[in-house]
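The values are calculated or read from the model by the stated rules, or taken from the named source; none is laboratory data. Since the structure is predicted, the reported quantities are computational estimates derived from the model, not experimental observations. Cβ coordinates were reconstructed from backbone atoms using ideal geometry, including for glycine residues, and neighbour counts include every protein chain displayed. Quick note on the areas: whole protein, heavy atoms, side chains included, nothing else; ligands and nucleic acids left out. Shrake-Rupley method; radii C 1.70, N 1.55, O 1.52, S 1.80 Å.
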Amino acid sequence: MSEEQPHVVVYPPDDQGGRRVRIDGEISGMARSLTDVVEFLRRAGWLDAEEWPPIEWRGGGPEVWHQ
């Protein structure tokens, strides 16, 4: 039996440049930088970047923080 990985979505930036982060259907918070996304993943139990689940970046990748 294969274990399904959590679904991580980082939404497009809002007017202030924040991006909502959802992990497994739950809002983790508003990220203002890649560092915040990393912290949300750490709080969800993902300590090692090599083991992170795939991240779905909507509205631009990790380098996009302003519209």
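If I fit a long axis through the Cα atoms of helix 34-43 and take the longest principal axis of the Cα atoms of the chain, what angle between them do I get, 0 to 90°, rounded to 10?
That works out to roughly 30 degrees.
With Cβ to Cβ distances under 14 Å as the rule, what net charge do the other residues near W52 carry (K, R +1; D, E -1)?
-4
Quick check for you: with a 1.4 Å probe and neighbouring chains kept, what is the accessible area per residue of the chain, in Å²?
For the chain, the solvent-accessible area averages 70 Å² per residue.
If you build the convex hull over the alpha carbons only and average its shadow over all orientations, what do you get for the chain? Give it in nm² to one decimal.
Answer in nm², one decimal: 4.6.
Roughly speaking, to the nearest percent, how much of the chain's 1.4 Å accessible area is carbon and sulfur?
Exposed carbon and sulfur together represent 48 percent of the surface.
Tally Lys/Arg at +1 and Asp/Glu at -1 over every other residue whose Cβ is under 14 Å from the Cβ of V21; what's the total?
Net charge in that neighbourhood comes out at +1.
Sort out the exposed loop GluC sites (Glu not before Pro) in the chain (DSSP loop, at most 16 other Cβ within 10 Å) and tell me the longest stretch that has none.
Of all site-free stretches, the longest is 5-62.
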